1. Compute the length gained on full extension between Asp49 and Ile370: take 0.36 nm times their separation in residues and subtract their Cα-Cα distance, giving the result in nm to one decimal.
2. Work from the charge dipole of the chain (Cβ charges, +1 for Lys and Arg, -1 for Asp and Glu, about the Cα centre) and give the residue of Ala19, Ala357, Ala91 farthest towards its positive end.
3. How big, in percent, is the set of alpha carbon pairs in segment 264-423 lying more than 29 Å apart?
4. Find the relative contact order for segment 1-160 and round it to a whole percent, using C-alpha pairs within less than 8 Å whose residues are 6+ positions apart.
5. Round to a whole angstrom and tell me the spacing of the C-alpha centers of segment 269-339 and segment 346-423.
6. With just the Cα atoms of segment 296-345, tell me how far they stretch along each of the three principal axes, in Å, largest first.
7. Take peptides 41-48, 7-14 and line them up by average Cβ neighbours within 10 Å, highest first, as a rough protection proxy.
8. Run the helix sum for the chain: -39,500 (n - 2.57) per DSSP H stretch of 4+ residues, divided by residue count, reported at 222 nm to the nearest 500 deg cm²/dmol.
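The values are calculated or read from the model by the stated rules, or taken from the named source; none is laboratory data. The model shown is predicted, which means the values in this text are computed figures rather than measured ones. A quick note on method: Cβ atoms are made from the backbone with ideal geometry, for glycine too, and the neighbour counts reach across all protein chains shown. With ligands, DNA and RNA removed, areas are computed over all heavy atoms of the protein, side chains included. Shrake-Rupley method; radii C 1.70, N 1.55, O 1.52, S 1.80 Å.
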Amino acid sequence: MGSPAVSKQTRIALYVVFAILMMALGSSDSLRGVFAPVFAEHFTLTASDLSLIITVSYIGNLVFMLLGTRIADSFGLRLVFIATMLLWMAALALYLVTDNFILLLIGMFFAMGGSTLLNIMLNLMSPLLFAAPGMILNTLFFPQGIGTTFSQSAISATVDSFVDWKIVNGVLLVMGAVAVIGFAFLSRGIQGLTRARKSEQQDGAASQDSAAQQESAVQQGSAAPKVSYMEIVKYPAFWFLFLIFGFYFVAEHGVMNWVNIYLIQGKGLSSAEAAIFPALFFGGITVGRLILSKLVDKMGIMGSLRLCFISGTVIYLIAYVIGGNAYYLFALAGFLLSIIYPTTMLAVQLYFPAYNAATATGVIMAVATIFDIAFNAVFGFIIDSVGYDLSMMLMPIAMVLSTATFLLFERMRSLRLRDDLSK
């Protein structure tokens with residue numbers, strides 16, 4: 001993956017724009033958990049009702065990822081990236097003008113779906129814009145972590161009314177406006193963003209005749225071939241990545257969405273006390289993505305993932321199982337797990353041809369979101385049935401299953417179409 005033909009000044013300016021956007025997205029994504037106690041009081045919600053808010057947001061993930069990346073393969077990354085930013089901002093604007101639970105759910109659908117699609121598309125654009133995409137991606141997730149951590153700490157400890165919800169989203173809407181204007185201006189004419197991406201030669205592509213023919217068509221500058229979802233699913237790597245992401249989503253998003261309200265309603269902590277622990281986790285992720293970003297380039301995608309999956313899961317498990325003061329280990333767990341999400345997304349490009357990498361990433365992430373949807377659809381009922389303590393143990397179990405699946409997958413080197421970035 002050579003250095004992209006984008007000027008240094010443009011790369012720096014785009015990085016700043018992306019950083020602003022990622023900070024806003026990180027804050028936006030975490031607000032469901034932060035404002036869960038406010039929603040519960042304002043709308044008189046049970047745990048099952050709170051599950052509905054989270055479930056609807058993840059249904060938005062599925063729809064946006066399944067359709068958005070496929071549209072991007074046809075119409076170009078730039079156009080769809082801008083359109084998705086505008087849809088995300090429209091959801092924030094809806095929050096500002098409504099005090100209706102149904103409209104809140106609609107906003108959650110578009111805000112979360114748009115946010116996740118923007119994350120995926122930024123991952124796909126990075127190799128076209130930056131010379132060291134692995135490092136750049138993880139450092140861009142640093143400002144996202146700042147947004148998440150700030151929401152989980154400062155905002156979570158101080159909000160107490162639905163008016164605060166509107167104020168926070170108003171600020172995020174302004175940040176989104178800055179980002180969309182900046183990107184629209186800076187990305188004009190950048191090769192690869194406005195038409196189907198040209199692929200590189202893939203090791204082993206000759207053994208897949210139909211894929212090779214489609215790859216050749218892209219190299220010769222013809223229109224991007226249509227890629228069916230079934231073609232993506234037929235790759236053995238699809239099922240491993242589906243399980244890795246699915247279990248990981250339950251583990252990470254469980255901290256974001258449920259730990260805060262669990263500590264308040266299940267353990268009797270105050271809002272300020274409860275805010276500490278998810279803030280430590282996402283603070284660890286924030287610092288980790290900055291410090292460990294170089295690890296991806298030094299150890300390769302798969303080597304760095306192997307180290308972080310194993311070490312991070314051990315600490316995450318200890319924190320959950322012991323509880324109490326061990327919750328402070330969330331900071332270390334977040335640090336060690338910090339590069340898992342962006343780097344595993346980058347790993348998709350090792351297993352799929354360039355002509356369908358965007359579609360493959362979207363399909364994998366969308367289908368993996370079924371884990372989030374199913375988990376949150378029933379989690380509120382599980383809490384109502386067996387209580388918080390037993391219910392919360394589902395999250396460390398999911399983390400162990402994600403790591404076990406990755407370790408098996410990583411050993412199956414024959415599935416890779418390229419190996420130069422894996423190690």
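1. Working: separation 321, 0.36 × 321 = 115.56 nm, distance 1.88 nm.
So the chain would gain 113.7 nm between Asp49 and Ile370.
2. Value: Ala357.
3. On the way: 3239 of 12720 pairs.
Summing the P(r) tail past 29 Å for segment 264-423 gives 25 percent.
4. Details: 164 pairs, mean separation 70.3, N = 160.
Computed value for segment 1-160: 44 percent relative contact order.
5. Going from one Cα centre to the other spans 17 Å.
6. Here the Cα extents, ordered largest to smallest, are 36, 17, 14 Å.
7. On the way: 41-48: 14.8, 7-14: 13.1.
By packing density, highest mean first, the sequence is 41-48, 7-14.
8. Numbers: 18 runs with 321 residues, N = 423.
Rounded to the nearest 500, the figure is -25500 deg cm²/dmol.
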